[in-house]
Every structure is written in C-alpha cells, then in structure tokens.
1. At a probe size of 1.4 Å, how large is the accessible area of residue 172, to the nearest 10 Å²?
2. In square angstrom, rounded to the nearest 10, how much accessible surface does residue 48 have for a 1.4 Å probe?
3. Please list 279, 274 in order of solvent-accessible area, largest first, computed with a 1.4 Å probe with all protein chains present.
4. Kindly write out, for segment 44-51 in residue order, the coupling ³J(HN,Hα) from the Karplus curve 6.51 cos²θ - 1.76 cosθ + 1.60 (θ = phi - 60°), rounded to whole Hz, with x marking Gly and Pro.
5. Ignoring ligands, DNA and RNA, please state the percent of accessible area on segment 168-244 from carbon and sulfur, probe 1.4 Å.
6. So if R0 is 22 Å, what FRET efficiency would residue 208 and residue 166 give, r being the distance between their Cβ atoms, rounded to the nearest 0.05?
7. Heavy-atom accessible area per residue, segment 40-145, 1.4 Å probe: how many Å²?
8. Can you give the local net charge around residue 72? Use residues other than it whose beta-carbon is closer than 12 angstrom to its beta-carbon, Lys and Arg +1, Asp and Glu -1.
Amino acid sequence: MPRMFRPARFAAASALLVLMVASGASAQNAADAFTPFANAERLTGLAVDADGHVWAASNGGALRFEPETGTWTQFLKQAGTGPRGNDLTTIDIDARGRVWVGSSARGFTFYDPATGRWDRDQEEWPNPGIRVIRALGDGVYIGTQEGLSLKPTPTRTDICAPTDPSCIVPSFVINDYARMGDTLWVATVSGLGRQVGTVWDSLNTLPDGSVGQNSRSLAVWNGQLWEAYETNAGVRFTRRLVGGVWQDTNLQADKISVTGGALMAWNGGSVWEWNGAAWVSVPVSVQDAIRGLEVVAEG
C-alpha cells in the first residue's frame, strides 16, 4: 500500500511523513505551522534527534519542535545560543547527537545537547557558503560553494579545495554525499567524485558517464548507489550503479532519498517509490513544488 504524504504542517507532527515545500503558494502552510515565526516560512531541511525532537533548518534560523508538549523553540543567529546565520540551507544529526546546520553565507554550526550550546570546530573550512551537510557513520561531511570539509572521525578533518591537487572532484561546488563502506561518493555540479579510504580516484577511472552532468543528489539503497542528475540540456534522470555500470531507471526526478527505509524520488509536485523493479507513483495531497521528504514521527 503506498505511503500517504502531506505538506509541512508541524501542528500535526504525529503524521508519518512531512513534505518540505518551496516558498510561494505553499508558504501559507508553513506560515500557519510556524506562527509566530513569520520569517521562517521556507524549510530547507528536517531531522529528528534521539529524543524525538523535530529539528528544521529554515530561512528564520533553526527550529525545534517537541511533540510531547507541542512547543516550538526558535534559535536565531547568536554566539553560543544560536547558529552563525539565520539563512540555513541544510541540517543533519551526527552519531553523537549533535545537530549540524549550514548557512548560505556564514558557515556551519552545531548544537550540542550535552552542553545546550551552539558551537563550531575551530579549523578552517573552504567557503562560508554551505550547500550540504551529511552525517554518515561517525563522520560529518560538509560541502560548500568552493570545496569540501570532510570529518570522517571526531579527531580528523580533511579540507579539499581547488588549491589542493590531491582532492580529485570534477567541481568544488558540492550538492550531496553518499557513503558505502569505506567509499565516499561526492555529487558536484559537474559530476561525481569518489574517495576510497583516504585516496581519491582520478576522474578517468570512474564508471563511464560519472562526469559531465549536474549530480543533484545521491542515495544508497539495497546495497546500490543511486543518483538523480541533470544533463547539460536541462533534462533530469535517475539511475543506479550496477556492477560498475550506470543503469537508467526511466524516471525524470529532481532528487532522491531513502526515507523510512524506502527509496523515494520527487519532481515538482510528484512523488515516486521504487518497488524493487520500477518506480511507482505515490499519491500526494499538494501540487506545489516539493523540496524534500523526511520521516519526522510515527504514530
């Protein structure tokens, strides 16, 4: 039976799934949910911590919803008590429970539930324009407008930027990450990069067709790497890597993700789920542009 989806209205946070929707016609839904946070109508990411709190990155700072009490906390830009910027673009939670957010212009910050404070690592990072943060295993991987900050362990950070010849990616404008074992895949606006352990593959050793397109998002599902990408002609597709060969899956989608154990794809107001052999359309109750899918609560 297909999953049922609905737009982001955290007043009903017991829903199985929540859609992050774009601003514009769909902003009314978020505005209702975020009252009195009138400046937080655009969601850019969702995450759920170990205590069941729903965290949201927005254009009005970081938001935390507590389902048990039905209360919201808004964290605005402020040293120690909030992120380094209100213009948040991405959010994720690492294995230690820290909530990481990225700003479009002011770098990244993390909230540590052990101390109740917002902080950030002191080492350098390539660019203050954060595009994506992914907590994968014990690591935290940050992609910017001009480089990568890779934190595979709590005590190690590798900075990859255009001035570093050892970091081999087709572009340093980063869209996404995926990890399979000791292999890290990096999605960029010019294709894919691959790091095995600590060594980067040269671009000509990647599977044919890995470079030359805008790699929009990545997912690992059923032991396979999946990608949503856009050609130079502006046409969007999904594909998977099977036996080292890319295999198209006959769907034009903006992005993909693994949500609630299912592989999902979406494009505009349409959502699909991979059933193991083909993409199956999933009913959606809105026709506004869908930005992403996340499991936020069950019940």
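1. 40 Å²
2. Here the accessible area works out near 60 Å².
3. Details: 279 35, 274 15 Å².
From most exposed to least exposed: 279, 274.
4. 10, x, 9, 7, 10, 8, 5, 8
5. 48 percent
6. Numbers: r = 24 Å, r/R0 = 1.09.
Taking R0 as 22 Å, the efficiency between residue 208 and residue 166 is 0.35.
7. Numbers: 4390 Å² over 106 residues.
Value returned for segment 40-145: 41 Å² of accessible area per residue.
8. Residues close to residue 72 contribute a combined charge of 0.
The values are calculated or read from the model by the stated rules, or taken from the named source; none is laboratory data. Please read these numbers as outputs of a predicted model, since none were measured by experiment. Because the Cβ atoms are built from the backbone with ideal geometry, glycine has one as well, and the counts that use them run over all protein chains shown. Ligands, DNA and RNA are excluded from the accessible area calculation, which covers all protein heavy atoms including side chains. Shrake-Rupley method; radii C 1.70, N 1.55, O 1.52, S 1.80 Å.
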